[in-house]
Amino acid sequence: ERGDRSEEQVSGAKVVAQALKTQGVEYVFGIVGVPVTEIAVAAQGLGIWYIGMRNEQAACYAASAIGYLTGRPGACLVVSGPGLIHALGGMANANMNCWPLIVIGGSSDRSQETMGAFQEFPQVEACRLYSKFSARPSSIEAIPTIIEKAVRSSIYGRPGACYVDIPADFVNLEVNANSIKYVECCMPPPVSMAETSAVRMAASVIRNAKQPLLVIGKGAAYARAEESIRKLVEQCKLPFLPTPMGKGVVPDNHPNCVRAARSRALQFADVIVLFGARLNWILHFGLPPRYQPDVKFIQVDICAEELGNNVRPAVTLLGDINAVTKQLLEQFDKTPWQYPPESTWWKTLREKMKSNEAASKELASKISLPMNYYTVFYHVQEQLPRDCFVVSEGANTMDIGRTVLQNYLPRHRLDAGTFGTMGVGLGFAIAAALVAKDRHPGQRVICVEGDSAFGFSGMEVETICRYNLPIILLVVNNNGIYQGVDASSWKEMLNFREAAAMAPPFCLLPNSHYEQVMTAFGGNGYFVQTPEELRKSLRQSLADTAKPSLINIMIEPQAMRKAQDFHWLTRSNM
Ligand code: ADP
Ligand code: MG
């Protein structure tokens, strides 16, 4: 029993790092400081990617995007108190999006608990509201078990955030290496299938639909159900509508994609199959007037508690989307069926798509300066590589950009998501760039930001430059939040002290040179005002695979969306 190893000592920091490594965690994002620096160093020593960020919120966003993109959680490492509190935004966002994430928080020394220790805060309790699992190991020996449980909980069932608290006194405490038992890497989530009778009933409801619609959500993207869903779309010739991050599960340019007739499709469908998309605000709760009062919903979800939220579904299919879609396909293999391509439903949808696309094209072709959103996105779309990741946030920037910028691959769009969070863009872009580097060499990351959205995490440009990630940031700059004013109106306001004090709350400083944030750290910066300048700078940015770029695109400060058919679309941000 008493071999050489019995003398070997290991620190708590090393145990945390080894447990993360054993559970297959490949990336750790964070900001070091007392008491977690040693954990970051130990992780790096084991070949885990450690990415030092500039704010814990952005670090947490980045880690959560790793979970969505790879199906295994990334980790976010933060210091006690304020560090952990900054990360709560990222945890909440991950949990709302149903994305796996591990947050490791250093906490104050156990012997000083309740004494007013440095950065003391009830961290385990605080995280409970933002996570599926929140715990502190009772000893160094218990760290591997708790980390395995956190990783497992983050990916089993409905994915989400998990928190592990590491007291400061664990970090440097050394214990006998023999006393640590690392728990084997947790298995991939078990695949669950829907009840056969429910699958049969769903198939029959679909067969009898007059105006069917498939809605593809980010749950389908997360479930890697692209192949089976595409097969279902093509075999049964069904129209489909992706949610914002469901874009790309089946390519946006697929002939059955009815994105350009979104409102129409939702409003008049009589059967809607939801593949990993909740009936929350994004889908207008599934209620009239956005839907028919008697629309039949078929819900496919891994989370039983989700089924029946806001509507009474016709059929519920509880299970993994990929497995359940294959079950549906079996039904249509047994008794082949196709939705008739000559139906009036298809005709209605096609006509609406045509007129909506024409309206966008018209706006895009406006040659007046400053540019409007449509002109900008039209020119960006022309040069976007098909396989790129598109990260986007902002109000109009994100909403209009989503309609023009196409996705052809699953899990290649990241945006403000279920929680509508602003500030996620740069963290997401950093995560996507790392995933591209390791798993999809050559793929680029284009991060399309509003000027306000950019401000929330702007200093992460330094992180991008430090790790030399060739991300292209587009800042669509209208001098404000939703809208701004031009430089001369701003100057006029400044001339009247009173008026300046009352500058509209949505205004940001006109003509801000955000591109200089990028040049400050050695990246390429462009300030563009015309379509020609935009095209040229984007071409140069795409050609430079060694360096990040930021293109600051000035648009009309009062530029708005195209006219909407429905009054509710002019107010909501959908
Ligand atoms: P969107 O924002 O695209 O509408 P949501 O985030 O609202 O999508 O919905 C995603 C849904 O997908 C969640 O209800 C989640 O439980 C579900 N989900 C996640 N992974 C799976 C899976 N593997 N199989 C089935 N459902 C899943
Ligand atoms: Mg703006």
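The values are calculated or read from the model by the stated rules, or taken from the named source; none is laboratory data. Given the structure is predicted, the values throughout are model-derived calculations rather than measurements. Positions of Cβ are backbone-derived with ideal geometry, glycine not excepted, and every protein chain shown enters the neighbour counts. Side chains are part of the model used for accessible areas, which takes the heavy atoms of the whole protein and leaves out ligands, DNA and RNA. Shrake-Rupley method; radii C 1.70, N 1.55, O 1.52, S 1.80 Å.
What to note about this one:
- Coupling constants for the stretch 79-90 follow from the phi torsions by the Karplus curve (6.51 cos²θ - 1.76 cosθ + 1.60, θ = phi - 60°), and in residue order they are 7, 5, x, x, x, 5, 5, 4, 6, 4, x, x Hz; glycine and proline get x.
- Sulfur and carbon atoms: percent of accessible area, the chain [1.4 Å]: 54 percent
- Contour minus Cα-Cα distance for Leu307 and Asn208 (0.36 nm per residue): 33.4 nm
- Taking amide H positions as modeled 1.01 Å from N, with prolines and chain starts lacking one, the residues under 5 Å from Met371 and 5 or more places away or on another chain are Glu556.
- Backbone phi angles across the stretch 148-157, fed through the Karplus curve with coefficients 6.51, -1.76 and 1.60 (θ = phi - 60°), yield HN-Hα couplings of 4, 5, 5, 5, 5, 4, 5, 10, 8, x Hz in residue order; Gly and Pro are listed as x.
- In this structure, the residue pairs whose Cα-Cα separation is over 25 Å, taken from Lys218/Lys326; Lys21/Lys231; Lys210/Lys326; Lys149/Lys247, are Lys21/Lys231; Lys149/Lys247.
- Projected label distance in nm at Leu129 and Glu492, using a 7 Å step from Cα toward the beta-carbon: 4.5 nm
- The Glu120 and Lys347 beta-carbon pair, evaluated with R₀ = 56 Å, returns a calculated FRET efficiency of approximately 0.25.
- Longest site-free stretch - the chain; sites: trypsin sites (Lys or Arg not before Pro), DSSP loop, at most 11 other Cβ within 10 Å: 182-574
- Centroid-to-centroid, using Cα positions, the stretch 146-168 and the stretch 252-324 are 30 Å apart.
- Ranking by accessible area, most exposed first, for Val32, Val376 with a 1.4 Å probe: Val32, Val376
- Accessible surface comparison of Glu148, Glu330, probe 1.4 Å, protein chains only, largest first: the order is Glu330, Glu148.
- Full extension of the chain between Gln112 and Glu184 yields a length gain of 22.6 nm, computed as 0.36 nm times the residue separation minus the alpha carbon distance.
- Straight-distance crosslink candidates among aspartates and glutamates, where the alpha carbon sits under 18 Å from Lys181 and sequence neighbours closer than 8 are dropped: Glu1, Asp4, Glu7, Glu8, Glu141, Glu148
- Here the simple spin-label model places points 7 Å from the Cα toward Cβ, and for Arg539 and Leu46 these points are separated by 4.9 nm.
- The aspartates and glutamates within cross-link reach of Lys347, meaning a Cα-to-Cα straight distance under 20 Å and a gap of 8 or more places when in the same chain, are Glu234, Asp252, Asp270, Glu357, Asp565.
- Spin-label model distance (nm) - Glu234 vs Asn253, 7 Å beyond Cα toward Cβ: 1.6 nm
- Met422 accessible area, 1.4 Å probe, all protein chains in place, Å² to nearest 10: 60 Å²
- Residue ranking by accessible heavy-atom surface, 1.4 Å probe, largest first, among Ser541, Ser452, Ser111 comes out as Ser111, Ser452, Ser541.
- Computed extension gain for Met193 through Ala501, at 0.36 nm per residue and net of the alpha carbon distance, reaches 104.8 nm.
- Within straight-line cross-link reach of Lys536, lysines at Cα separation under 24 Å, skipping those fewer than 8 residues along the same chain: Lys361, Lys366, Lys547
- Mean silhouette area of the stretch 343-474, derived from the convex hull of its C-alpha atoms and averaged over all directions, reads 9.6 nm².
- Distant-in-sequence amide contacts of Gly24, defined by a placed amide H-H separation under 5 Å and a gap of 5 or more residues or a different chain, comprise nothing.
- Loop GluC sites (Glu not before Pro), the stretch 151-225, which have at most 16 other Cβ atoms in a 10 Å radius of their Cβ (DSSP): Glu184, Glu195
- Residues in the chain average 41 Å² of solvent-accessible surface per residue, probe 1.4 Å, ligands and nucleic acids excluded.
- Look at where the Cα atoms of the stretch 448-522 and of the stretch 40-98 average out, and the two centres are 26 Å apart.
- Check: the chain dipole with +1 on Lys, Arg Cβ and -1 on Asp, Glu Cβ, in debye: 1960 debye
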